[in-house]
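Undergrad: My questions all concern the structure below.
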Amino acid sequence: MTLAVETPERSPFPVPFGWFCIGYPEDFPLALPRAIFYFDRHLVAWRDETGELHVQDPFCPHLGAHLGHGGSVEGCEIRCPFHGWTFDATGTNTNIPYSERVNKRDTLRTFPVMEVNGVSLVWYHPDAAVEPMWEISPLAEFHGDPEWSTNVRTEHTVEAPWQEMAENGVDSAHFRFVHNTADVPELVSYETGFPGTMMKSVQKFVTPRGVMEGRIDSEQVGPGLAIVRFGGIVDTVSLAATTPITANRCITRFNFRFKTMGDEETTQNVGHAFVREVNKQFLEDKPIWEHKAHLVRPALADNDGPFMKFRKWAAQFYAEGVNAERTVFAPPWWPERADEAPAKATASARLGGS
Ligand code: FES
Ligand SMILES: [Fe+2]
């Protein structure tokens, strides 16, 4: 007799493939290997003496030491802390200090890396043989255009699969209820392709100078990167990078830049108010994402956004396929969270309790 209790899965989705942010260039100083964990796997990141960043499987094929815990960088190679074997940027063993020969057969899996727009990116695909299917282009706002301010960054970890968070982008009806906004963004167009999507919306804002119309152009580049441009009241661009830590836990890093508004102080004040609002909304969404079920067949209303178009686009990034055995996937039970206030109450409390 088995006592095993079947644990229902959190979602039907495995880790998607694509380019994902693993942090910022300064997180990976020269010659200091770091242990990192993304895509449900241990990794080591190290920068060689020429400044190039490398990301590899971290467990030495000799006896399994983690190269990110005590390993060292020598020139353009990484040395294992356990018995001193060295590996190059392709993961090939280049030296065994106490042997005449090297081990040509056992290599470290090496992941493609690029650093652009102020972020460090890794190409993840479950199949090591699959090369990057797209590139990430430099954005003028992040490459020294003097019209744009310096970077403001925030980050959040969320206990939810990537797709649940990304779906928020097509959900216009939730704004009124989760974010207490008077008007909801109005969808102008939504195009999907591979690897990207482009969504254009307009939204009315009540300001001291009357009702103004804002534009929101949101471009998704694969599952990992969204470039959102806000125009109208304040010109802002945000690079939102969401990376799966596991299939059911993600980290989102926001990078904001604001178009200069005459003087630096005004730009910073308006910009920071904007960042606070985006963060507030993200924190309002978070408990919904973390506690919602994934419904394969949601009961959509007439004016709900293009959910199914979004899901069809998202499905392109699951190389391992999705779990089609059920139609409802619930999150784990977190007893310590059972008494938490619902999102709306939490939000109004933060706004002053009225
Ligand atoms: S475990 Fe790496 S050299 Fe022995
Ligand atoms: Fe939201």
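Undergrad: How about region 175-203: which of its residues are within 14 Å of ligand 2 (Cβ to nearest atom) and either modelled with pLDDT of 95 or more or within 11 Å of W289 (Cβ to Cβ) (or both)?
TA: Answer for region 175-203, where residues must be within 14 Å of ligand 2 (Cβ to nearest atom) and either modelled with pLDDT of 95 or more or within 11 Å of W289 (Cβ to Cβ) (or both): V178, M199.
Undergrad: Do we have any residue at all in region 281-295 that's within 18 Å of F175 (Cα to Cα) and outside any helix (DSSP H, G or I)?
TA: Yes, region 281-295 has at least one match.
Undergrad: Next question. If you go through region 299-341 one residue at a time, how many are of a type in the set (A, V, I, L, M), in a helix (DSSP H, G or I) and touching a residue at least 60 places away in the same chain (Cβ under 8 Å)?
TA: Going through region 299-341 one residue at a time, the tally reaches 1.
Undergrad: Has region 103-113 got at least one residue that is farther than 16 Å from L225 by Cβ and touching a helix residue (DSSP H, G or I) at 6+ places or on another chain (Cβ under 9 Å)?
TA: No, there is no match, as no residue in region 103-113 is farther than 16 Å from L225 by Cβ and touching a helix residue (DSSP H, G or I) at 6+ places or on another chain (Cβ under 9 Å).
Undergrad: Hey, another quick one. Among the residues of region 119-134, which ones are exposed (fewer than 13 other Cβ atoms within 10 Å of the Cβ) and either closer than 25 Å to P29 by Cα or touching a Pro at 6+ places or on another chain (Cβ under 9 Å) (or both)?
TA: Answer for region 119-134, where residues must be exposed (fewer than 13 other Cβ atoms within 10 Å of the Cβ) and either closer than 25 Å to P29 by Cα or touching a Pro at 6+ places or on another chain (Cβ under 9 Å) (or both): just E131.
Undergrad: Considering only residues that are assigned to a loop (DSSP other than H, G, I, E, B), away from ligand 1 (no atom under 12 Å from the Cβ) and either buried (at least 22 other Cβ atoms within 10 Å of the Cβ) or touching a residue at least 60 places away in the same chain (Cβ under 8 Å) (or both), which ones fall in region 53-86?
TA: Residue satisfying the conditions is G68 alone.
Undergrad: So P146 clears everything in (1) part of a loop (DSSP other than H, G, I, E, B); (2) at pLDDT 95 or above except one condition, right? Which one?
TA: In the conditions (1) part of a loop (DSSP other than H, G, I, E, B); (2) at pLDDT 95 or above, P146 misses (2) alone.
Undergrad: Yes or no: region 267-275 includes at least one residue that is in the same structural domain as P161 (by TED's automatic domain parsing), within 16 Å of ligand 2 (Cβ to nearest atom), surrounded by 13 or more Cβ atoms within 10 Å (Cβ to Cβ) and closer than 28 Å to E164 by Cβ.
TA: Yes.
Undergrad: Which of the residues belonging to region 298-331 are loosely packed, with under 13 Cβ neighbours inside 10 Å and either aromatic (F, W, Y) or within 16 Å of R10 (Cα to Cα) (or both)?
TA: G321, A324, E325, R326, T327, V328
Undergrad: Restricting attention to region 25-39, does a residue exist that is of a type in the set (V, I, T) and more than 14 Å from ligand 1 (Cβ to nearest atom)?
TA: Taking every residue of region 25-39 in turn, at least one turns out to be of a type in the set (V, I, T) and more than 14 Å from ligand 1 (Cβ to nearest atom).
Undergrad: Related question: Select from region 175-195 the residues that are farther than 27 Å from W134 by Cβ, among the acidic types (D, E) and not in a loop (DSSP other than H, G, I, E, B) and list them in ascending order.
TA: The one that is farther than 27 Å from W134 by Cβ, among the acidic types (D, E) and not in a loop (DSSP other than H, G, I, E, B): E186.
Undergrad: Another question about this same structure. Determine, yes or no, whether N95 is free of Cβ contacts under 8 Å to residues at least 40 places away in the same chain, surrounded by fewer than 18 Cβ atoms within 10 Å (Cβ to Cβ) and over 28 Å from the mean Cα position of the chain (by Cα).
TA: yes
Undergrad: Considering region 229-247 alone, what residues qualify as being among the polar types (S, T, N, Q) and either over 18 Å from T150 (Cβ atoms) or surrounded by fewer than 16 Cβ atoms within 10 Å (Cβ to Cβ) (or both)?
TA: T242, T243, T246
Undergrad: Hey, another quick one. When region 248-266 is examined, which residues are found to be surrounded by 19 or more Cβ atoms within 10 Å (Cβ to Cβ) and of a type in the set (V, I, T)?
TA: Across region 248-266, the qualifying residue is only T252.
The values are calculated or read from the model by the stated rules, or taken from the named source; none is laboratory data. Note that this is a predicted model, so its numbers are computed, not measured. Note: ideal-geometry Cβ built from the backbone for every residue, glycine included; neighbour counts use all protein chains shown.
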